[in-house]
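I have placed the structure first, in the form of structure tokens, so that the comments after it can refer back to it.
The values are calculated or read from the model by the stated rules, or taken from the named source; none is laboratory data. Predicted, not measured: the structure shown is a model, and the values here were computed from it. Here Cβ is always computed from backbone atoms with ideal geometry, including for glycine, and neighbour counts include all displayed protein chains. Ligands, DNA and RNA are stripped out before the accessible areas are found, and what is left, the full protein with its side chains, is counted by its heavy atoms. Shrake-Rupley method; radii C 1.70, N 1.55, O 1.52, S 1.80 Å.
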Amino acid sequence: MLAIIIIIGLSLIGGQLARKVGLPVVVGQLLTGIVIGPAIFNIVQTTHWVHLLAELGVWLLMFMAGLETDMAGLQKNAKPAVGVAILGVVVPLIVFYGTALFFGYSQMTAVFFGIVFSATSISITIAVLGEFGKLGSRAGNIILGAAVLDDVLAMALVGFFMIFTPGQGLGPTTLLPIVFFVVGILINRFTKINFQMVEKIGNWTLIPLFFGSLGLVVTFDNLVKNWPMVIAFAVFALGTKYYGALIGSRMTGVNPNDSQVVALGMIPRGEMALIIAQIGITGSVINAAIFSDMVIIILISTVLPPILLRYALKKV
């Protein structure tokens, strides 16, 4: 119980500190877990109850993501949104698969790398667009539509991967996040039930616990040996989404300035990539060392894009 209280309390503080300096809250919560975990100060270690409650946090987070997925809203700017989403998934899948094989990973791990980095975190981009009053702009609508499709495609890929990959610990802990995501979409589409109170409680308890607990798993033991791979993957994490989304938007008739905003807005991986990585380690698809490397790459691809996006929005 003490470990749970410490993780939640410090993760909430870390999230607010991150927000004050212009970083996503999820980054602050994740960094808090890294700082208080075995990687740095080793104040807290993960326990059975921390792991169990963090799993509940994943399910709640995916349920909330489903609730915020407006399938009907995809009708606006549907053509560019589809083009951006498809190329924004296909390009990372191909590039990460090939790069992972080059660095000696197995076929299965290489495919999973591609799936993790095909995801997009819309919450981070929404915050920046809102800051500049651009949520209702054409670029904003395209990003929202493409990100919805990205999330749906990424979770579908995870589901198919886990179902058709034998002997990888397929079970409730790996499939339930996907189930909760679909349930959230259906509730949002066909009912008017308000889960605002549940979201508020989650944002103060299970969700910071989840992101903080992810940091506890991270270590820097292999970073000295793997730094060329981490740098290469970080560059590809930025480049594949950017150029995939840029090409997709330009092919569908979006002007150059808006295309650049869309491309930068699709880069952040954030919570979606972290959730998929967590599904992978829970289902024994990846080990703790690979997970640590993934988290570092996800952090880089989450922190840099909002800074670049703020600069690009000044031109629109």
| query | Using the membrane-span-like helix rule (whole DSSP H runs, Cα extent along the own axis of at least 20 Å, mean Kyte-Doolittle hydropathy at least 0.5), which helices of the chain qualify? | reply | 2-20, 48-67, 78-102, 138-164, 172-190, 223-251, 288-313
| In the chain, lysine pairs closer than 19 Å at Cα, eight or more apart or cross-chain | 5
| request: Post the alpha-carbon centroid distance, segment 19-57 to segment 248-297, in whole angstrom. | output: 20 Å
| said: Using +1 at the C-beta of Lys and Arg and -1 at the C-beta of Asp and Glu, which of L61, M251, I307 has the Cα lying farthest in the positive direction of the dipole of the chain? | reply: M251
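Place a +1 charge on the Cβ of each Lys and Arg in the chain and a -1 charge on the Cβ of each Asp and Glu, then give the dipole magnitude about the Cα centre in debye, rounded to the nearest 20.
Values: 16 positive and 11 negative charges, 167 e Å.
The dipole of the chain has a size of about 800 debye.
Under a 1.4 angstrom probe, counting protein chains only, how are E68, E199, E55 ranked by accessible area, largest first?
Numbers: E68 125, E199 45, E55 10 Å².
Sorted descending by solvent-accessible area, the residues read E68, E199, E55.
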| Just how much of W227 is accessible, in Å², when a 1.4 Å probe is used and the result is rounded to the nearest 10? | 140 Å²
| query | Over all pairs of distinct alpha carbons, what does the Kirkwood formula give as the hydrodynamic radius of segment 191-316, in Å? | reply | 16.7 Å
| request: Could you do me a favour and compute the accessible area per residue for the chain, 1.4 Å probe, result in Å²? | output: 43 Å²
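Per-residue ellipticity at 222 nm for the chain, helices alone: DSSP H runs ≥ 4 residues times -39500 (n - 2.57), over residue total, nearest 500 deg cm²/dmol? Don't jump to the answer; show the numbers that get you there.
Numbers: 14 runs with 241 residues, N = 316.
Mean residue ellipticity at 222 nm (helix-derived): -25500 deg cm²/dmol.
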| remark: So, with points 7 Å from each Cα along the Cβ direction, the T191-N203 label distance in nm works out to 2.2 nm
| request: Roll a 1.4 Å probe over the protein heavy atoms and report the accessible area of F180 in Å², nearest 10. | output: 70 Å²
| said: Pairs of alpha-carbon atoms within less than 8 angstrom and 6+ residues apart define the contacts here; what relative contact order does segment 5-137 have, in percent? | reply: 12 percent
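For the chain, which whole-number percentage of the solvent-accessible area (1.4 Å probe, protein heavy atoms only) is attributable to carbon and sulfur atoms? Walk me through the intermediate numbers first.
Values: 9610 of 13670 Å².
The value for the chain is 70 percent carbon and sulfur by accessible area.
Hull surface divided by four, with the convex hull built on the Cα atoms of the chain: how many nm²? Provide the component values of the computation, followed by the final result.
Working: hull surface 61.2 nm².
With every direction weighted equally, the projected area is 15.3 nm².
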